[in-house]
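Since the structure comes first, as structure tokens, the remarks are kept for the end.
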Amino acid sequence: MSRLLATGVAGLAIAAPLAGCGGSGDEGGTTKQAAPGAEVAPPPLAARDRRAYDEIERSSGVLRAAAVPVAYGSAPRIVVAGDLNTAARKLARAKPRDPLLRRLRRAAIAALRTAASEGTVEGATAKQVAKSAIGEADRMDAGLRRYAASHPAANG
């Protein structure tokens, strides 16, 4: 009898792990359903908004790179006016549909042109313009983060 009991227990030990296999209990036993919204790509951005987002992002970097050396004293004035003007021209060609991107675009163009202007002379005035440009770049970046939070496709 104990031999029969041992054989039965051994059989159950082998069969038990196999009983759990087979999927989620559906008829086919092989289909899996993802949670609603999981692994679903966000809707794409409108091409105009994607281009504007990218140009604003680049412009923020150009503005910051031009201003930091002046703001922190390693350069007496902004010397890359050509880069700032090029960024402003590219940004001017972007025509976003989204209202937030339109506001960011206008502010970015104004900041780029101010930093590139001939009036940005050496000394205290240049330092003030540079610090203002860094503040504007910070606001641009914050606006882009707000936009990306409500438009997940911007993060891709």
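The values are calculated or read from the model by the stated rules, or taken from the named source; none is laboratory data. It should be emphasised that the depicted structure is a prediction, and the values quoted were computed from it without experimental measurement. Cβ coordinates were reconstructed from backbone atoms using ideal geometry, including for glycine residues, and neighbour counts include every protein chain displayed. Ligands, DNA and RNA are stripped out before the accessible areas are found, and what is left, the full protein with its side chains, is counted by its heavy atoms. Shrake-Rupley method; radii C 1.70, N 1.55, O 1.52, S 1.80 Å.
Can you tell me how many residues within region 114-145 are closer than 16 Å to GLU57 by Cα and open to solvent by 40 Å² or more (accessible area, probe 1.4 Å)? It would help to see each step written out before you state the result.
Initial filter on region 114-145 (closer than 16 Å to GLU57 by Cα): 133-145.
Applying the additional criterion that residues be open to solvent by 40 Å² or more (accessible area, probe 1.4 Å) yields 138-139, 141, 145.
The number of residues fulfilling the criteria is 4.
Hey, among ALA75, ALA92, ALA65, which residue is among the small types (Gly, Ala, Ser), touching a helix residue (DSSP H, G or I) at 6+ places or on another chain (Cβ under 7 Å) and assigned to a helix (DSSP H, G or I)? Even if it seems obvious, please write down each step before you answer.
On the way: ALA75 fails: assigned to a helix (DSSP H, G or I); ALA65 fails: touching a helix residue (DSSP H, G or I) at 6+ places or on another chain (Cβ under 7 Å).
Residue meeting the stated conditions: ALA92.
Would you confirm, using the coordinates I've provided, whether ALA126 is under 18 Å from VAL80 (Cβ atoms), modelled with pLDDT of 90 or more, assigned to a helix (DSSP H, G or I) and not β-branched (Val, Ile, Thr)?
On the way: under 18 Å from VAL80 (Cβ atoms): yes; modelled with pLDDT of 90 or more: no; assigned to a helix (DSSP H, G or I): yes; not β-branched (Val, Ile, Thr): yes.
Here the answer is no, as ALA126 does not meet what is asked.
Any idea which of (1) at pLDDT 95 or above; (2) of a type in the set (S, T, N, Q); (3) not in a helix (DSSP H, G or I) is the one ASN85 doesn't satisfy?
So ASN85 meets the others, but not (3).
One residue is enough: does region 42-63 have a residue meeting the conditions more than 26 Å from SER150 (Cα to Cα) and surrounded by 16 or more Cβ atoms within 10 Å (Cβ to Cβ)?
The first filter runs over region 42-63 and keeps only residues more than 26 Å from SER150 (Cα to Cα), leaving none.
The answer is no, given that none of the residues of region 42-63 is more than 26 Å from SER150 (Cα to Cα) and surrounded by 16 or more Cβ atoms within 10 Å (Cβ to Cβ).
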